[in-house]
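Please treat every number below as a calculation from the coordinates, not as lab data. Please read these numbers as outputs of a predicted model, since none were measured by experiment. Positions of Cβ are generated from backbone atoms using ideal geometry, with glycine treated the same way; all protein chains shown enter the neighbour counts.
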């Protein structure tokens, strides 16, 4: 879901990705399990970066 949102240019920052994921079924499931959706989103983004599926670009925004 996250990779598709990035590929379709729905999200382009970490903050936007987190907000997008908060509107998904994952947010409800994470809440039931007591997981932090923001942390899960950051971990998923880092995994995509590590696998070179997305490129991290730093901007003026600390949430880029």
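When each of the peptides 48-58, 20-30 is scored by the mean number of other C-beta atoms lying within 10 Å of its residues, the order from highest to lowest reads 20-30, 48-58. Both the radius of gyration and Dmax for the chain are 11.6, 35 Å, in that order, over alpha-carbon atoms.
Ranking of 18, 41, 13 by neighbouring Cβ atoms within 10 Å, starting from the fewest: 13, 18, 41. Entry note, the chain: relative contact order of 35 percent, from Cα contacts under 8 Å with a spacing of 6+ residues. Residues 10, 37, arranged from fewest to most other Cβ atoms within 10 angstrom of their Cβ, appear as 10, 37. Relative to the longest principal axis of the Cα atoms of the chain, helix 37-50 runs at roughly 40 degrees.
Fewest to most neighbouring Cβ within 10 Å: what's the order for 3, 40? Numbers along the way, then the final one.
Numbers: 3 14, 40 17.
With the sparsest Cβ surroundings first, the list reads 3, 40.
Between residue 50 and residue 29, the FRET efficiency estimated from the beta carbon spacing at R0 = 35 angstrom works out to 0.90.
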